[in-house]
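Comments concern the structure below.
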Amino acid sequence: MTFNLAESKLPNVGTTIFSVMSALSKEHFAINLAQGFPDFDCDPRLKTFVSHYMYKGYNQYAPMPGIPELRNVLSGKFKKLYDAKVNADNEITITAGATQAIFTAISAFVKNGDEVILVEPAYDCYGPAVNLNGGIVIPYELRPPDYSINWDKLSALISPKTKMLILNNPHNPSGAVFEKKDMEALQSMLKNTSVILLSDEVYEHLIFDDKIHQSVLAYPELYTRSLVTFSFGKTFHNTGWKMGYVVAPPKLMKEFRKVHQFNVFSVNTPVQYGLADYLSNPLNYLGLGSFYQEKRDLFATQIEDTPFKAIPCKGTYFQLFDYSELSDLPDVDFAVELTKTYGVATIPVSVFYTAQTDHKVVRFCFAKKPETLELAGEKLRGVRRV
């Protein structure tokens, strides 16, 4: 049988930019500030918890929604942080990472011809998942330097065909975060619609400058129409474990689990037990904002006297920089040049836009050891006009 490319469900999709830049980084022995993962290990205590359950024989299938112990501790966490009453039995499902949760949520609700509004720049898994399910991406573009949403303009994109709106807060790649006024505007905008909100909140604890994460869970009227996704990997420095979870009201969770049970069924059993023990102490996540803020500030000081212009970062572990004083090259070409010539890999922000919109901005990941950030800073201080 000969496969015809015209039959591809994703004819315009190739290898992700993250894989491309990481491979280029490895080829040229560059510092990888491109892909979003730490170069330091997770807490040894968490590994001890997980190992304990492995050796105790907790190595078979977990219940499809996740073990009760983990879902119960998460329910308690939501009550403490957001004053949200989330039922552990029918409103929480443990997933194989947040990306799986996002893909499953889109697959459960988006049908052929449905419109899905993406606020861009957007995490690159959203659009392909919509397309695979026959949906139509309707982009709304944010612009530097503040990457703020004009809620009236966003509202104008809602049509009778709109099935879902996907938001990411704190926002990757910009580092922008929603204020209370944004959540109130969002709530008002959706009030008289049937639009489902998919809220990607994987960086909920990585928020800086004394700001408070505005979770959908803290807004009951919004929550009734929402699926909210989270990531243990992003939170606890172990992205390779691919562990996350989704929270949704029972009517939406019922549909989510219909798909989840067939594309994953259940996820890593001993890791779930280990996470349940680890999460029982809130100190293991409440200090993450200050931990990463120190890294953000360290990296910023390394290149503050260069032509790179920092764009305010209020959350996540990514920092955007405007490089327009250094080069007229398109951002993809500039990122390649930085990697090959100067030994620092980054991500061009145009790849996060459906239209490949280029604002001459690149993204660096600062979830790195101090010595890594200092060495990267030394190399970036040597960048000359390209």
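The values are calculated or read from the model by the stated rules, or taken from the named source; none is laboratory data. Computed from a predicted model, the values in this text were never measured in an experiment. Reconstructed Cβ throughout: ideal geometry from the backbone, glycine too, with neighbour counts over all protein chains shown.
Answer yes or no as to whether Ser188 is in the same structural domain as Ala248 (by TED's automatic domain parsing) and more than 17 Å from Ile158 (Cα to Cα). Before the answer, list the steps.
Numbers: in the same structural domain as Ala248 (by TED's automatic domain parsing): yes; more than 17 Å from Ile158 (Cα to Cα): no.
Against the criterion (in the same structural domain as Ala248 (by TED's automatic domain parsing) and more than 17 Å from Ile158 (Cα to Cα)), Ser188 does not qualify.
Restricting attention to the range 74-110, which residues are surrounded by fewer than 22 Cβ atoms within 10 Å (Cβ to Cβ), of a type in the set (D, E, K, R) and closer than 20 Å to Phe265 by Cα?
Asp89
Looking at the range 248-261 only, could you name the residues that are part of a helix (DSSP H, G or I) and either buried (at least 21 other Cβ atoms within 10 Å of the Cβ) or not polar (S, T, N, Q) (or both)? Give the derivation first.
Of the residues in the range 248-261, the ones part of a helix (DSSP H, G or I) are 250-261.
Matches in the range 248-261: Pro250, Lys251, Leu252, Met253, Lys254, Glu255, Phe256, Arg257, Lys258, Val259, His260.
For the range 262-282, check the following and say yes or no: at least one residue is in a strand (DSSP E or B) and of a type outside the set (A, V, I, L, M, F, W, C).
Looking only at the range 262-282, we keep the residues that are in a strand (DSSP E or B), and these are none.
Checked the range 262-282: no residue is in a strand (DSSP E or B) and of a type outside the set (A, V, I, L, M, F, W, C).
Considering only the range 102-198, give the helices (runs of 4 or more DSSP H) lying wholly within it that have at least 3 residues that are touching a strand residue (DSSP E or B) at 6+ places or on another chain (Cβ under 8 Å) and under 22 Å from Thr357 (Cβ atoms). Don't jump to the end; show me each part of the working.
On the way: elements: 126-132, 151-155, 180-190.
Output list reads 126-132.
Among the listed residues Leu326, Leu338, Leu373, which satisfies the condition of being modelled with pLDDT of 95 or more, surrounded by 23 or more Cβ atoms within 10 Å (Cβ to Cβ) and over 24 Å from the mean Cα position of the chain (by Cα)? Before you say what the answer is, go through the steps one by one.
Working: Leu326 fails: surrounded by 23 or more Cβ atoms within 10 Å (Cβ to Cβ); Leu373 fails: over 24 Å from the mean Cα position of the chain (by Cα).
Criteria check complete, one pass: Leu338.
Is it true that Phe37 is within 30 Å of Phe334 (Cα to Cα) and aromatic (Phe, Trp, Tyr)? Quick ask: steps written out before the conclusion?
Details: within 30 Å of Phe334 (Cα to Cα): yes; aromatic (Phe, Trp, Tyr): yes.
Yes, satisfied.
Glu179 versus (1) under 30 Å from Gln272 (Cα atoms); (2) within 19 Å of the chain's Cα centre (by Cα): which is the lone unmet condition?
The failed condition is (1).
A quick yes/no check of all residues on (1) touching a residue at least 40 places away in the same chain (Cβ under 8 Å); (2) hydroxyl-bearing (Ser, Thr, Tyr); (3) in the same structural domain as Pro144 (by TED's automatic domain parsing):
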| residue | (1), (2), (3) |
| --- | --- |
| Ser324 | no, yes, no |
| Leu329 | yes, no, no |
| Asp333 | no, no, no |
| Tyr342 | yes, yes, no |
| Pro348 | yes, no, no |
| Phe352 | yes, no, no |
| Lys360 | no, no, no |
| Arg363 | yes, no, no |
| Lys368 | yes, no, no |
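Restricting to the range 351-370, give me the number of residues that are exposed (fewer than 14 other Cβ atoms within 10 Å of the Cβ), within 16 Å of Val332 (Cα to Cα) and touching a helix residue (DSSP H, G or I) at 6+ places or on another chain (Cβ under 7 Å). Working first, answer last.
Residues of the range 351-370 that are exposed (fewer than 14 other Cβ atoms within 10 Å of the Cβ), as a first pass: 355-356, 369-370.
When the remaining residues are screened for being within 16 Å of Val332 (Cα to Cα), the result is 355-356.
Next, only the ones that are touching a helix residue (DSSP H, G or I) at 6+ places or on another chain (Cβ under 7 Å) stay: 356.
The total comes to 1.
Give the range 217-247 a look and list any residue that's under 21 Å from Glu184 (Cβ atoms) and either surrounded by fewer than 24 Cβ atoms within 10 Å (Cβ to Cβ) or more than 14 Å from the chain's Cα centre (by Cα) (or both), or say none. Give the derivation first.
So in the range 217-247, the residues under 21 Å from Glu184 (Cβ atoms) come out as 217-228, 247.
Once the filter is applied, which keeps residues that are under 21 Å from Glu184 (Cβ atoms) and either surrounded by fewer than 24 Cβ atoms within 10 Å (Cβ to Cβ) or more than 14 Å from the chain's Cα centre (by Cα) (or both), the range 217-247 yields Leu217, Ala218, Tyr219, Pro220, Glu221, Leu222, Tyr223, Thr224, Arg225, Ser226, Leu227, Val247.
Considering only residues of the range 283-303 that are in contact with a Lys or Arg (Cβ under 9 Å, 6 or more places away or on another chain) and assigned to a helix (DSSP H, G or I), which is farthest from Leu206 (Cα to Cα)? Outline the logic, then answer.
Narrowing the range 283-303 to residues in contact with a Lys or Arg (Cβ under 9 Å, 6 or more places away or on another chain): 284-285, 289, 295, 299, 302-303.
Now restrict to residues that are assigned to a helix (DSSP H, G or I): 284-285, 289, 295, 299, 302.
Details: Asn284: 13, Tyr285: 9, Gly289: 5, Lys295: 11, Phe299: 16, Gln302: 21 Å.
The extreme case among them is Gln302.
Would you check which residues across the range 341-350 are over 14 Å from Gln35 (Cβ atoms) and buried (at least 18 other Cβ atoms within 10 Å of the Cβ) and list them?
Filtering the range 341-350 for residues over 14 Å from Gln35 (Cβ atoms) gives 341-343, 349-350.
Passing the criteria: Tyr342, Gly343, Val349, Ser350.
Kindly provide the set of residues from the range 25-69 that are of a type in the set (Ser, Thr, Tyr) and in a helix (DSSP H, G or I), ordered by number.
Filtering the range 25-69 for residues of a type in the set (Ser, Thr, Tyr) gives 25, 48, 51, 53, 55, 58, 61.
Within the range 25-69, Ser25, Thr48, Ser51, Tyr53, Tyr55 meet the criteria.
Given the conditions (1) over 23 Å from the mean Cα position of the chain (by Cα); (2) outside any loop (DSSP other than H, G, I, E, B), report the number of the one that Ser22 does not fulfil.
In the conditions (1) over 23 Å from the mean Cα position of the chain (by Cα); (2) outside any loop (DSSP other than H, G, I, E, B), Ser22 misses (1) alone.
If Ser199 satisfies all but one of (1) of a type in the set (Ser, Thr, Tyr); (2) within 17 Å of Tyr123 (Cβ to Cβ); (3) crowded, with 20+ Cβ neighbours inside 10 Å; (4) touching a residue at least 60 places away in the same chain (Cβ under 8 Å), what's the number of the condition it fails?
Of (1) of a type in the set (Ser, Thr, Tyr); (2) within 17 Å of Tyr123 (Cβ to Cβ); (3) crowded, with 20+ Cβ neighbours inside 10 Å; (4) touching a residue at least 60 places away in the same chain (Cβ under 8 Å), only one is false for Ser199: (4).
Can you tell me which residue within the range 272-290, out of those that are touching a residue at least 12 places away in the same chain (Cβ under 8 Å) and of a type in the set (A, V, I, L, M), is surrounded by the fewest Cβ atoms within 10 Å (Cβ to Cβ)?
Leu286
Conditions tested, residue by residue: (1) closer than 24 Å to Leu206 by Cα; (2) β-branched (Val, Ile, Thr).
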residue: Lys9; (1), (2): no, no
residue: Thr15; (1), (2): no, yes
residue: Leu24; (1), (2): no, no
residue: Phe37; (1), (2): yes, no
residue: Phe40; (1), (2): yes, no
residue: Leu46; (1), (2): yes, no
residue: Ile67; (1), (2): no, yes
residue: Asn72; (1), (2): yes, no
